[in-house]
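The values are calculated or read from the model by the stated rules, or taken from the named source; none is laboratory data. This structure is a prediction, so every number in the text was calculated from the model and none was measured. For neighbour counting, all protein chains shown are included, and Cβ atoms are generated from backbone atoms with ideal geometry for every residue, glycine included. Side chains included, ligands, DNA and RNA excluded: accessible areas come from the protein's heavy atoms. Shrake-Rupley method; radii C 1.70, N 1.55, O 1.52, S 1.80 Å.
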Amino acid sequence: MQSISPQDLKNVLTDSQYQIIDVREPYEFEDFNIGGLNIPLDNVLSSIDEIDTSKNVVICCQSGNRSKAMIMTLERKFKLTNLWTLEGGVTAFKELTAEA
């Protein structure tokens, strides 16, 4: 499984070759997010057309556990190879930006 560090993601946030999908619940997304689409975990499979297969897609959640599980499902079910998980999830990204 491919992963991206919070620092590397921060460096490419404005890169049009990346899509961010946050699989947390809407209330979690509203509390703090790094942008991108909010597609709650339960809705990802029914929203597969939202995933841009021409880009590097970073799937994130609070800690990384939900995103890893979803990536495994998407890779197996849809044969996607352009998926990345955010190491440490949104929590690690938030800590990085708080230090800056």
Residue check, GLY64 open to solvent by less than 50 Å² (accessible area, probe 1.4 Å) and at pLDDT 95 or above
no
So which residues in the stretch 89-100 are closer than 20 Å to PRO40 by Cβ, out of contact with any Phe, Trp or Tyr (no Cβ under 6 Å at 6 or more places or on another chain) and surrounded by fewer than 19 Cβ atoms within 10 Å (Cβ to Cβ)?
THR91
Scanning the stretch 1-55 for residues that are loosely packed, with under 12 Cβ neighbours inside 10 Å and among the aliphatic types (A, V, I, L, M) gives MET1
Residues that are touching a residue at least 60 places away in the same chain (Cβ under 8 Å), of a type outside the set (Lys, Arg) and touching an Asp or Glu at 6+ places or on another chain (Cβ under 8 Å): does the stretch 92-99 have at least one?
no
